[in-house]
1. In terms of modelled amide H atoms, which long-range or inter-chain residues lie less than 5 Å from the amide H of Tyr81?
2. For each of Ile23, Ile98, count neighbouring Cβ atoms within 10 Å of the residue's Cβ, then give the residues from fewest to most.
3. Count neighbours as other Cβ atoms within 10 Å of each site's Cβ, and list the trypsin sites (Lys or Arg not before Pro) in segment 68-103 that are DSSP loop with at most 16 such neighbours.
4. Whole percent per 10 Å bin, from 0 to the bin with the longest distance: what is P(r) over all C-alpha pairs of segment 30-109?
Amino acid sequence: MAPKASVNHRSPSGPVKIALEKIAVNYCLVTNRGAHYAILHWYQTPRRVVASEWMSKLWLAADAARDRRTDVALVRVAVPYLDNQEAAVASAREFSRIAYPLLRESLPQ
């Protein structure tokens, strides 16, 4: 039987500055079979970004009533690390900062 992954949740990690916009994200540190990962994640809808799963469900209901749309995406950025988890989190935040505008452009409005 394979060993189970260990998860050290840290939530939320605070906003990630994206040009003029800040988005709230969650992060966790995961160890699976000896490999370590820093993971950032958030919920993305056409109208907003939220870190909380429950808030995403509440907004989803409001958007469904208003726009007749129920699309939501879980965005997850995972960065492996050996011993410097702070550098991995910083790298994930920087990647998110660069990738977020491209993600916004590709999602339906």
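What follows draws every value from the coordinates through simple rules; no lab data is involved. Since we're looking at a predicted model, the values are computed, not measured. Glycine also receives a Cβ, built like all others from the backbone with ideal geometry; neighbour counts cover every protein chain displayed.
1. His36, Tyr37, Ala38
2. Values: Ile23 19, Ile98 10.
So the residues, fewest neighbours to most, are Ile98, Ile23.
3. Arg68, Arg69
4. 17, 39, 28, 13, 2
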